[in-house]
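The values are calculated or read from the model by the stated rules, or taken from the named source; none is laboratory data. The shown structure was predicted, so the numbers you read here are calculated from the model rather than taken from an experiment. Please note: Cβ atoms are built from the backbone with ideal geometry, for glycine as well, and neighbour counts cover all protein chains shown. When the accessible area is computed, the model is the full protein with side chains, heavy atoms only, and any ligands, DNA or RNA have been set aside. Shrake-Rupley method; radii C 1.70, N 1.55, O 1.52, S 1.80 Å.
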Amino acid sequence: MVQTALAEKALSIKDLTKDYPGVRAVDTVSFDIEPNTVHCLVGENGAGKSTIVKMLTGALEPTSGTMAVLGKPYQPNSTQDARNGGIGTLFQELHVVDQLTVLENLTMGMEVSRFGFLIKSDLEDRVTKTLAAIEPGIDPNARVSSLSVAQKQIVEIARAASSGANIIIMDEPTAALSEREVERLFGVIRRLRDSDVTVIYISHKLDEIFELGDNVTVMRDGKHIATKPLAQVNGRPELIEMMVGRSITHDYRPRGDIADNPVLTVKGLNSHLLKDVSFQVNAGEIIGFYGLVGAGKTEVARAIYGADKAHGQVTFKGRPRARSPKEAIASGIALVPEERRTEGLFTALTIRRNIPIMNINKLAKFGIFQDDQEKSVAKEYVSKLGIATNSVEKYAEKLSGGNQQKVVLAKCLFADADLLLLDEPTRGVDVGAKSEIYDLIRDFANTGRAVCVFSSELEEVLGLCDRIFLMYDGRVEAEIRNGATVDIPKILNIVTGGGKAGT
Amino acid sequence: MTHATAQTGVERGFGQRLKTFLKDYYIYLVLIAVVVVLSTANLDKFPLFERGNFLSERNIINILRISAPILTLAGAFTLLMISGYIDLSVGSAMSLSAVVYAMLVINGVPFVPAFAATVVVGVILGAINGFLVIRLKITPVIATLITLSLYKGIALLLVEDGVSAIKSGGGLKMPGWFNDYGRDGVLLGLPWAFWVAVLVTLAMIVVQDRMKLGKYAAATGGNPTAAELSGINTKRTVITLYILVGICAALAGIARSSFMSLGDPLSGDGMELTAILVVLLGGTAFSGGEGRVLKSFIGALIIMSLTVGMLTLVPAYFQTLVVGAALLLAAASNHLVSRKDD
């Protein structure tokens, strides 16, 4: 490890700013990270945490501002740069090679060779020692495919540590771990800190922050709110208050009385992640599911849609749960999936080819597809949804995020759905298109059809939904009727694992 | 968005329009170029072209007759590749079909039942591929390499020991009408086999543009996850496409068998490579999602013109090399034209 003077900051960020067209994602943020600490970064979705991480790892270039590692200016252009600068990252998706052994994974990219031939070095001993120091339970000669997700994570951490990183960034590392695995990871993190490594820890789970962190930086709306030792933070309420401030505005307009007329009834839904989820959705109602990443929102949507295996009683318009998306669509359910580009859209196809794909039979006569009709339908939806394009022949790939999302929505509307499941409907969508999509959702519900919104943006569910189900760790923890008196700190407390509240 | 239409209509520059034009019509230009080059070359000295002209009626008919198998196959193969899958067993399926068809005919089965039975064989061969790939989840390249060996092995076994192909001899005689289908001009001097290829291609164009299967193939190849979540049965789509390719391989086998007047268990060798080349030349992406049946048909015409044309210009042993070089040129410029940027 690098010897450093005690006064030197592990990382020092000054006036860091990142602008996107129309948005300032990070706004003149300055803070320091002390060496050999676990430094937590908290904030709501969209607060700017991931943007900062991306600038630290070289994935994004700051618009302005400076960073310094151990007092030296730091301007990474790639992950490789970041690694050379002493910053390692544990990404949410793991980058280990299953077919190789732990040791081969650890030394990958650092092999010493002469004329292309591998030569012996002390490298293997060194990495084996590092691994043993942070987690003796992993056999260096085991094949990575035989390890659990948690162990693979530790292998990645060991790789970062043995490549000489003084700072390791961990972005939501516990999202996919069981409780015991989380404890083990915490042990690893503490041992890292004791062996001269600084950890930047990002998590939505506030309990973890209090258990693990030395210092915390709170972000809100791209701005730096505070950096202080966790010992000086007065418990969850203060942290939540700093995260939320008074900034959440919600323009929820009560949508009149909704009769008790359930179209969808879910009772005791269980899956690999979900635990006993039950709820009802009435005709004409907009329901919200709010929770953090990994709380189980997507799983609820996919279970109702027949895309995932699940147990429990689901009744839609008197019919049992669909066993496949095909069945779900036939019964009148349509899903806007979480990942637009990989799950919702055919980017290699034009707008007009995308729109009818969920319900092609509607445009076919005796098995022959009506091309002219497809064109007029596409034009109709383009104007109805306000998709900004000069032609329906444009490839979906060339549209902006907001317009792509409208195309996915058009697919679902064309499928004549009576129940729309919207998973993160406005992720990566600009503000203007966002409010247009909200209006489309309201219009849809106003015709007596039902909508379920699955979102990790509180502002979204508060602005849109009549009733909100709060999810944490695969469970529905509470049900809230939306209105002017909604208690935001209480909501945040529940979705960050702050115990059950009455309904 | 009407004002946007007007604006961009003006803004779209000449360069952009030229690029779009090239992307759409590139393959036709290549065909014209190949024909022009081959027909201006001096062919008098070569006995195959008695009138010394590539564009002579006789030569054109000759090329189109020889091309019937690949022309039959190109359409269905394009759709399969658009869905992101591949069938390396087409050549062996074609050989096996040729052998089966010849065996039936030489044993006295009339044309229509022999033809129908061979098509059924094609359905079965295609269904086996679909089963291996979709139900047993074997990687398409591996699965169809396996059936490449299997189908060819069966074809070889069907032919009697010591004989190279099913043909007249040993008390059995191929009826005189056997090669009418592949050689006898019925319209514009071209045989049934060629017109069947045209009909099949037209049918595949209808499938691509006007039927669910075509739409689902593009969706499956473009984004399998999104296709499943959009309620598309991607498994059924792919199995259907494998069966279509099997049927076309059988039709190609009948055409080849009739043209050569025998059932040769090696007659389809190399067909899988030709099919892939033709489809790629037609602009279908190897990764799936994009492509046009008609362009593959044109691609097949280009390859066959080159192959036959080269035969007259350079010694036979140069032929493969020259075809490869021409293809490289075509594919590289196609890549430059269709490269994605704004």
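The residue that is most open to solvent (accessible area, probe 1.4 Å), counting only those in segment A:273-284 that are touching a residue at least 40 places away in the same chain (Cβ under 8 Å) and more than 25 Å from A:Pro489 (Cα to Cα), is A:Asp276.
Apart from one condition, A:Gln313 fits all of (1) outside any strand (DSSP E or B); (2) surrounded by fewer than 18 Cβ atoms within 10 Å (Cβ to Cβ); the exception is (1).
Filtered by the rule that a residue be of a type in the set (A, V, I, L, M, F, W, C), more than 14 Å from chain B (Cβ to nearest Cβ) and in contact with a Phe, Trp or Tyr (Cβ under 7 Å, 6 or more places away or on another chain), segment A:288-336 gives A:Phe289, A:Ala295, A:Val300.
Would you pick out the residues in segment A:326-344 that are in contact with a Ser or Thr (Cβ under 7 Å, 6 or more places away or on another chain) and closer than 9 Å to B:Leu229 by Cα? Within segment A:326-344, A:Glu343 is the sole residue that qualifies. Those residues that are modelled with pLDDT of 85 or more and under 22 Å from the mean Cα position of the chain (by Cα), I need them from segment A:477-489; list them, please. Once the filter is applied, which keeps residues that are modelled with pLDDT of 85 or more and under 22 Å from the mean Cα position of the chain (by Cα), segment A:477-489 yields A:Glu477, A:Ala478.
Of the strands (runs of 3 or more DSSP E) lying entirely inside segment A:10-124, the ones with 1 or more residues being out of contact with any Gly (no Cβ under 9 Å at 6 or more places or on another chain) and over 15 Å from A:Thr217 (Cα atoms) are found at A:11-20, A:64-69, A:87-90. Scanning segment A:378-390 for residues that are facing another protein chain (nearest Cβ under 10 Å), open to solvent by less than 40 Å² (accessible area, probe 1.4 Å) and either free of Cβ contacts under 8 Å to residues at least 24 places away in the same chain or not in a loop (DSSP other than H, G, I, E, B) (or both) yields a single hit, A:Val382. Across segment B:199-219, the qualifying residues are those that are touching a Gly at 6+ places or on another chain (Cβ under 9 Å) and farther than 18 Å from B:Ser296 by Cβ, and the one among them that is least open to solvent (accessible area, probe 1.4 Å) is B:Ala219.
Restricting A:Ala328, A:Ala295, A:Ala301 to residues that are open to solvent by less than 10 Å² (accessible area, probe 1.4 Å), in a loop (DSSP other than H, G, I, E, B), assigned by TED's automatic domain parsing to the domain that holds A:Val377 and farther than 30 Å from B:Ala285 by Cβ narrows the list to A:Ala295.
The residue that is nearest to B:Ala165 (Cα to Cα), counting only those in segment B:263-280 that are surrounded by fewer than 23 Cβ atoms within 10 Å (Cβ to Cβ) and of a type in the set (A, V, I, L, M, F, W, C), is B:Leu266.
Residues checked against (1) among the hydroxyl-bearing types (Ser, Thr, Tyr); (2) at pLDDT 95 or above; (3) outside any loop (DSSP other than H, G, I, E, B); (4) in contact with a Phe, Trp or Tyr (Cβ under 7 Å, 6 or more places away or on another chain):
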site	(1), (2), (3), (4)
B:Ser39	yes, no, yes, yes
B:Asn53	no, no, no, no
B:Arg58	no, no, yes, no
B:Leu96	no, yes, yes, yes
B:Ala102	no, no, yes, no
B:Val112	no, no, yes, no
B:Gly122	no, yes, yes, no
B:Val133	no, yes, yes, yes
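Each row is one residue, and each column tells you yes or no for (1) under 9 Å from B:Ala249 (Cα atoms); (2) crowded, with 21+ Cβ neighbours inside 10 Å.
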position: B:Ala93; (1), (2): yes, yes
position: B:Val100; (1), (2): no, yes
position: B:Gly108; (1), (2): no, no
position: B:Val112; (1), (2): no, no
position: B:Ala117; (1), (2): no, no
position: B:Val120; (1), (2): no, no
position: B:Val123; (1), (2): no, no
position: B:Asn129; (1), (2): no, yes
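Within segment B:136-157, how many residues turn out to be more than 13 Å from B:Asp87 (Cα to Cα) and in contact (Cβ under 8 Å) with a residue 12 or more places away in the chain? Counting residues in segment B:136-157 that are more than 13 Å from B:Asp87 (Cα to Cα) and in contact (Cβ under 8 Å) with a residue 12 or more places away in the chain gives 5. Would you be able to say whether some residue in segment A:229-237 is under 22 Å from A:Glu477 (Cα atoms) and of a type in the set (Val, Ile, Thr)? Checking segment A:229-237: not a single residue is under 22 Å from A:Glu477 (Cα atoms) and of a type in the set (Val, Ile, Thr). Would you be able to say whether some residue in segment A:408-424 is farther than 30 Å from A:Gly284 by Cβ and either facing another protein chain (nearest Cβ under 8 Å) or without any contact (Cβ under 8 Å) to a residue 12 or more places away in the chain (or both)? No; the residues of segment A:408-424 include none that is farther than 30 Å from A:Gly284 by Cβ and either facing another protein chain (nearest Cβ under 8 Å) or without any contact (Cβ under 8 Å) to a residue 12 or more places away in the chain (or both). Tell me whether segment A:346-359 contains one or more residues that are surrounded by fewer than 16 Cβ atoms within 10 Å (Cβ to Cβ) and part of a loop (DSSP other than H, G, I, E, B). No, because not a single residue in segment A:346-359 is surrounded by fewer than 16 Cβ atoms within 10 Å (Cβ to Cβ) and part of a loop (DSSP other than H, G, I, E, B). Tell me, which residue of segment A:337-377 that is within 15 Å of A:Ala307 (Cα to Cα) and acidic (Asp, Glu) is nearest to the other protein chains (Cβ to nearest Cβ)? Applying the filter and picking the extreme gives A:Glu343.
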